[in-house]
Amino acid sequence: MSSSSKKKWSDRANAVLPAGGFGNFDSSVIIERGEGARVWDVDGNEYVDFLIGSGPMLLGHGHPEVVEAVEKQLKDGFTFFATSTPGIELAEMICGAMACADQLRFVSTGGEADMFAMRLARAFTGRDLIVKFEGAYHGMSDEGQMSLKPGRLLNFPNAEPDSAGILEGVRDSVLVAPWNDKEYMSQLFAEHGDRIAGLIAEPLQRIIPPQDGFLQHVRDLCTANDSILIFDEVVTGFRFAWGGGQEKYGVTPDICTLGKTIGGGMPLAAIAGRQDIMELFDKKIAGKKWLMQVGTLSGNPVASVAGLKTLEVLSRPGQYEKLRGIGQSIKTMLSEALSKTGKPFQIVGDDTLFDVIFTKNPVRDYRDTFHADKKSQATYNKVMRENWILKPGAKIYPCLAITDAELKQTEIAIRAAAKAIR
Ligand SMILES: Cc1ncc(COP(=O)(O)O)c(C=O)c1O
């Protein structure tokens with residue numbers, strides 16, 4: 001790999017950015033541009049992109065119809081703060097798609113949406129406790145940081161922040177539970193049900209699917225205890241299916257949060273849910289229960305048109321079948337190549353979002369990934385990168401722009417990774 005441009009850009013980044021980057025992804029990769037399912041770094045190296053902006057670029061980079069819609073909106077105004085027409089249209093489309101959504105409120109990031117969803121559950125119920133699952137990701141709020149990727153495994157339901165700077169008392173407001181453990185959930189609600197404001201869950205936790213009946217079980221527990229069920233659909237919304245994880249798994253939450261795909265790669269997210277809960281955002285109706293929420297860029301028109309066009313393309317016949325087909329092809333490649341290594345592995349996730357975990361045991365929760373073979377995982381990721389595949393550490397995000405040539409390149413990389421692991 002040539003290092004001239006990269007060195008120059010890294011030096012500049014290191015001078016002005018802590019850890020030399022934006023805090024998101026390996027800062028040694030500095031991207032210059034993207035097109036379709038490919039991105040190019042500052043040295044002109046070309047990668048097949050399975051990071052795709054951490055999920056939002058489901059149509060690939062620079063989709064011509066999205067670009068056209070954004071260009072038109074740029075001439076009509078970048079931002080207004082006032083309610084504007086593209087956001088109303090986008091809200092209509094989302095409320096039409098997501099089973100739980102009578103109404104929605106726009107914000108700018110998924111983490112912000114999750115923070116407000118949890119606050120909404122507290123405001124609606126007048127209770128204090130939030131249940132979250134160990135290893136689940138719900139953004140950077142104080143509650144979201146509890147047992148996100150814990151380095152030590154505490155007894156449930158004890159919570160531990162993954163970040164410094166969080167008030168000690170926040171631990172006491174979050175109950176941490178193991179994903180996919182019905183019995184534990186029953187016990188937790190039996191002990192604390194009358195104090196539980198809400199339970200927040202990713203329908204697919206990172207890449208770990210819910211076991212049969214698990215989401216229905218938490219739905220039933222929330223209903224029985226008058227607690228609010230929140231699905232964090234920031235990733236799964238419009239990726240899993242038109243109606244998100246709630247459609248795929250057939251369980252309807254009280255509120256869901258959305259981000260990533262609904263902004264088509266622009267900063268846009270939303271809290272969507274039942275009318276009687278969403279009305280807490282309306283001061284005239286909610287009175288003392290009013291939940292104040294304001295944001296300069298909420299419902300930004302440029303982001304809204306990018307989201308609208310992205311969703312419109314996704315609504316066309318065959319898109320989800322195509323995405324699932326791409327995912328299935330990659331899963332088959334992984335399975336065939338890795339079975340020759342003699343190392344135990346599991347391909348975990350949905351066809352639209354998955355990866356390999358090197359373990360002999362079925363992966364059912366965070367602790368199963370915690371005990372997996374991290375050395376093989378690191379080799380796999382390193383060799384994929386050396387073969388010009390850009391992917392997150394424990395995820396592959398397929399996108400609709402992937403061509404046969406890119407699938408072929410992916411297969412070559414997978415075979416090289418399998419050889420290195422052997
Ligand atoms: C499930 C889930 N929720 C929330 C978030 C936070 O979204 P954002 O990064 O837009 O704040 C993410 C981000 O990756 C996510 O994966």
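Of the residues 381, 164, 24, the one whose Cα sits farthest towards the positive end of the charge dipole of the chain is 381 (charges of +1 on Lys and Arg Cβ, -1 on Asp and Glu Cβ, taken about the Cα centre).
Taking every DSSP beta bridge that has both residues in the chain, what percent is antiparallel when rounded to the nearest 5?
Values: 25 of 43 bridges.
Here the antiparallel bridges make up roughly 60 percent for the chain.
In segment 77-314, the DSSP beta bridges split such that about 40 percent are antiparallel, to the nearest 5.
Give the Rg/Rh ratio for segment 4-62, taking Rg as the radius of gyration of the Cα atoms and Rh as the Kirkwood radius, to two decimals.
Numbers: Rg = 12.0 Å, Rh = 12.1 Å.
Rg/Rh for segment 4-62 comes to 1.00.
Rounded to the nearest Å, what's the spacing between the alpha carbon centres of segment 355-411 and segment 267-291? Just the number, please. Computed from Cα coordinates, the inter-centre distance equals 39 Å.
How large is the convex hull of the C-alpha atoms of segment 77-314 per residue, in Å³? Before the final figure, lay out the partial values.
Details: hull volume 28.9 nm³, N = 238.
Measuring per residue, one finds 121 Å³ for the Cα hull of segment 77-314.
Each peptide in 306-312, 18-24, 82-88 was scored by the mean count of other Cβ atoms within 10 Å over its residues; highest first, the order is 306-312, 82-88, 18-24.
Phi angles of segment 28-33 translate, via the Karplus equation with coefficients 6.51, -1.76, 1.60 and θ = phi - 60°, into HN-Hα couplings of 7, 9, 10, 8, 9, 7 Hz per residue; Gly and Pro are given as x. The 3J(HN,Hα) values that the Karplus relation (6.51, -1.76, 1.60; θ = phi - 60°) gives for segment 366-376 are, in residue order, 4, 5, 5, 6, 4, 8, 6, 7, 6, 5, 5 Hz. Gly and Pro appear as x. From the largest down, segment 307-422 spans 43, 32, 21 angstrom on the principal axes of its Cα atoms. In this rough spin-label picture, where each label sits 7 Å from Cα along the Cβ direction, the residue 158-residue 212 distance is 3.6 nm. Listed peptides 36-43, 6-13, 100-107 appear in the order 100-107, 36-43, 6-13 once ranked by packing, highest mean of other Cβ atoms within 10 Å at the front. Distant-in-sequence amide contacts of residue 107, defined by a placed amide H-H separation under 5 Å and a gap of 5 or more residues or a different chain, comprise 269, 270, 271, 299.
Taking label positions 7 Å along the Cα-Cβ direction at both residue 370 and residue 82, the computed distance is 5.3 nm, reported to one decimal.
Taking only the alpha-carbon atoms of the chain, what semi-axes of the equivalent ellipsoid follow from 5 times the gyration tensor eigenvalues under a square root, in whole Å, largest first?
Working: eigenvalues 222, 153, 85 Å².
Its equivalent ellipsoid spans semi-axes of 33, 28, 21 Å.
Exposure proxy ranking for 138, 217, 371, based on other Cβ atoms within 10 angstrom of each Cβ and starting from the fewest, stands as 371, 217, 138. Peptide packing: for 167-177, 258-268, the average count of neighbouring Cβ atoms within 10 Å per residue gives the ranking 258-268, 167-177, highest mean first.
Based on Cβ point charges of +1 for Lys and Arg and -1 for Asp and Glu, what charge dipole magnitude is obtained for segment 77-314 about its Cα centre, in debye rounded to the nearest 20? Present the calculation step by step, with values, prior to reporting the outcome.
Values: 21 positive and 29 negative charges, 82 e Å.
Roughly 400 debye for segment 77-314.
What shape does segment 1-101 have by the C-alpha gyration tensor, where a ≥ b ≥ c are the square roots of the eigenvalues, rounded means a/c under 1.5, and otherwise prolate means a/b greater than b/c and oblate the rest? Mind showing how you got there, number by number?
On the way: a/c = 2.22, a/b = 2.00, b/c = 1.11.
In terms of gyration-tensor shape, prolate.
Summing Cβ point charges (Lys, Arg +1; Asp, Glu -1) relative to the Cα centre of segment 323-375 gives a dipole of roughly 220 debye.
Along the axis of the charge dipole computed for segment 77-314 (Cβ charges of +1 for Lys and Arg, -1 for Asp and Glu, origin at the Cα centre), the listed residues 311, 300, 250 are led at the positive end by 300. Across segment 318-324, computed HN-Hα scalar couplings (Karplus, 6.51 cos²θ - 1.76 cosθ + 1.60, θ = phi - 60°) run x, 5, 5, 5, 5, 4, 5 Hz from first to last residue, x flagging Gly and Pro. Around the amide H of residue 396, modelled in the peptide plane, lie the amide H atoms of 354, 355, all under 5 Å away and 5 or more residues distant in sequence or on another chain.
DSSP finds beta bridges in segment 185-288, and of those with both partners inside it, around 40 percent are antiparallel.
Expressed as a rounded percentage, what relative contact order does segment 77-314 have, with Cα pairs under 8 Å and six or more residues apart? Present the calculation step by step, with values, prior to reporting the outcome.
On the way: 503 pairs, mean separation 70.9, N = 238.
Relative contact order, segment 77-314: 30 percent.
In debye, nearest 20: dipole of segment 13-103 around its Cα centre with unit charges on the Cβ of K, R (+) and D, E (-)?
180 debye
Do the sum for the chain: with -39,500 (n - 2.57) for every DSSP H run of n ≥ 4, divided by all residues, what is the mean residue ellipticity at 222 nm, to the nearest 500 deg cm²/dmol? Each step should come with its number before you reach the end.
Values: 14 runs with 161 residues, N = 422.
Taking each H run of at least 4 residues, the total per residue is -11500 deg cm²/dmol.
We did not get these values from a lab; they are worked out from the coordinates using the rules stated. All of these numbers come straight from a predicted model, not from anything done at the bench. All Cβ positions, even for glycine, are placed from backbone atoms using ideal geometry, and neighbour counts span all protein chains on display.
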